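Okay, structure first, notes after.
The values are calculated or read from the model by the stated rules, or taken from the named source; none is laboratory data. Everything numeric here is computed off the predicted structure, so don't read it as measured data. A quick note on method: Cβ atoms are made from the backbone with ideal geometry, for glycine too, and the neighbour counts reach across all protein chains shown. Areas reflect the complete protein model, heavy atoms only, side chains present, ligands, DNA and RNA absent. Shrake-Rupley method; radii C 1.70, N 1.55, O 1.52, S 1.80 Å.
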Amino acid sequence: MSIFDKTLVFVEKFVAPMAVKVSAQRHINAIKDGFVATMPFLIVGSLLLVLAYPPGKGNFFLDGWHALIEIIGQKNILAPYQVSMGIFALYAAYSIAYSLARAYDIRAQNSGLLSMFTFLLAVAPVQFLDNVGGVMPISFMGGTGAFTAILCGLFVPELQRFLRDKNIRLKLPEAVPPKIAASFDLLIPVIIVSIIVVVINGVLGSYDLSIPSAIMEIFKPLISASDSFFACLLAVIMIQLLWFAGIHGSSVVVSGILYPILIINLGLNQEALAAGEPLPKIFVNPVLDFFIFVGGAGGTWGFVVLMMRSRATHLRTIGKMSIIPSTFNINEPVIFGTPIVMNPNYFIPWMLSPIINTCIVWAAFKTELLSKIIALPPWTMPAPIGAVMATNSGTAAVVVVVCVVVSVLIYYPFFKMHEKQLLIEEHATETQNAELKPSNA
């Protein structure tokens, strides 16, 4: 059995079934949907952060940028950032609970509000009471509070489901309107949550910890391990294998598993930028979206350009149909139209191109040729633009071009082999049609 066949068997027997189960798991779906709901806040907030911190001076454009910041005021520009990316975990706590509650057929608004209450109680109470003037801190409401938001968002609907199944609720007279009665269903969960959170925070307080800081201590090894070349490479390989089997790899690996960690990495970079410190993290979503996967999974934008110039009608048609979606990182037409899924002709370049690009991009970050990521542009933004905005550095566009060239060189021999096969088939079809066509003689 060839290496390709062994890999395919492994994907079909182990990877694909596991991915299907993960993508169908209600808690993972709730986390994924919850974070997706926060995306507009993350995008706007992080882009404003880029605006507030110009990369330097030395030309008319950059000098004008700095002058504009001085006129508007950096704090004024950062205000939307503070109430978007700065407290996005609060929004996530609501939306995760909302999503899971809908899966359990529980009143979703109640779950979302109770989850926000739980989250605020976990991250703010002791400091809130100690601060003169009642100023509530937001230190754990951004990226560093992501895991706390997840736990709150999952715990609250589970508690409500348990109470519902055991019929533990405040029974009101039938004359009470249903909406008012539904709001009173929160009374018992609020009391239970308050007791649990206050007791845990009280115990942790004796060790100079709180719930979010303790959670971050627990997950610190995972966060450190996630920001490594091998973690990034493993994610890329898993995404590619799943897509090759016809499963949306990015949805399973990034949205379903890695997203909270990558958002924490982004938050740590943004906090370091605001404090004037070196940026600590490399592995953030744009590394995949705009550098490794230019044109979508597989880094297929250069491959689409090759197809547009193909002599084979099928490849040329797919290329022309795919160039615009691929420019905006949407490449399902390429994956399923070429096809790449389950096609042994393209398995090697499909796997090899993103792996080589991962090596190039990681080396560029480690050698500081690339500035580390501080923003989260929409993943549908064309790669060079998105890369520049994510890093606030023009060098990023050069690295993107290098990755595209490398992908073209890797795909080219396999593309020519496929083109040759299709040309033979097209010629045979034309010959057969000519033979079947009745003669005018």
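Looking only at residues in segment 365-384 that are under 18 Å from the mean Cα position of the chain (by Cα) and surrounded by fewer than 18 Cβ atoms within 10 Å (Cβ to Cβ), which one is nearest to residue 290 (Cα to Cα)? Here the residue is 382.
Residues to consider are 104, 81, 98; find the one that is hydroxyl-bearing (Ser, Thr, Tyr) and under 30 Å from residue 50 (Cα atoms).
81 is the lone residue from the list that is hydroxyl-bearing (Ser, Thr, Tyr) and under 30 Å from residue 50 (Cα atoms).
Does segment 53-74 contain any residue that is buried (at least 16 other Cβ atoms within 10 Å of the Cβ), under 27 Å from the mean Cα position of the chain (by Cα) and assigned to a helix (DSSP H, G or I)? No, segment 53-74 has no match at all. Evaluated against (1) free of Cβ contacts under 8 Å to residues at least 12 places away in the same chain; (2) under 20 Å from residue 148 (Cβ atoms), residue 113 falls short on exactly one condition, (1). Residues of segment 389-401 that are without any contact (Cβ under 8 Å) to a residue 24 or more places away in the chain and either open to solvent by 50 Å² or more (accessible area, probe 1.4 Å) or at positive phi (or both): 394, 398, 401.
Of the residues 343, 331, only one is touching a Gly at 6+ places or on another chain (Cβ under 6 Å) and closer than 29 Å to residue 9 by Cβ; which? Step through it out loud before you land on a result.
On the way: 343 fails: touching a Gly at 6+ places or on another chain (Cβ under 6 Å).
Criteria check complete, one pass: 331.
The numbered conditions (1) surrounded by 15 or more Cβ atoms within 10 Å (Cβ to Cβ); (2) closer than 22 Å to residue 238 by Cα; (3) free of Cβ contacts under 8 Å to residues at least 24 places away in the same chain are all true for residue 339 except (1). Out of all the residues in segment 241-257, is one or more over 17 Å from the mean Cα position of the chain (by Cα), closer than 25 Å to residue 360 by Cβ and not aliphatic (A, V, I, L, M)? Yes, there is a match, as at least one residue in segment 241-257 is over 17 Å from the mean Cα position of the chain (by Cα), closer than 25 Å to residue 360 by Cβ and not aliphatic (A, V, I, L, M).
The combined condition, being over 30 Å from residue 180 (Cα atoms), at pLDDT 85 or above and not β-branched (Val, Ile, Thr), is not fulfilled by residue 55.
Of all residues in segment 407-416, none are touching a residue at least 40 places away in the same chain (Cβ under 8 Å), surrounded by fewer than 17 Cβ atoms within 10 Å (Cβ to Cβ) and not in a helix (DSSP H, G or I).
Scanning segment 269-308 for residues that are open to solvent by less than 10 Å² (accessible area, probe 1.4 Å), within 22 Å of residue 321 (Cβ to Cβ) and over 14 Å from the mean Cα position of the chain (by Cα) returns 295, 298, 299, 300, 302, 303, 304, 307. Only residues that are touching a Ser or Thr at 6+ places or on another chain (Cβ under 8 Å) and not in a helix (DSSP H, G or I): list them for segment 23-51, please. Scanning segment 23-51 gives a single hit, 38. Taking residue 148 and the conditions (1) over 30 Å from residue 41 (Cα atoms); (2) at pLDDT 80 or above, which numbered condition does it fall short on, given that it satisfies the others? All conditions pass for residue 148, except number (1).
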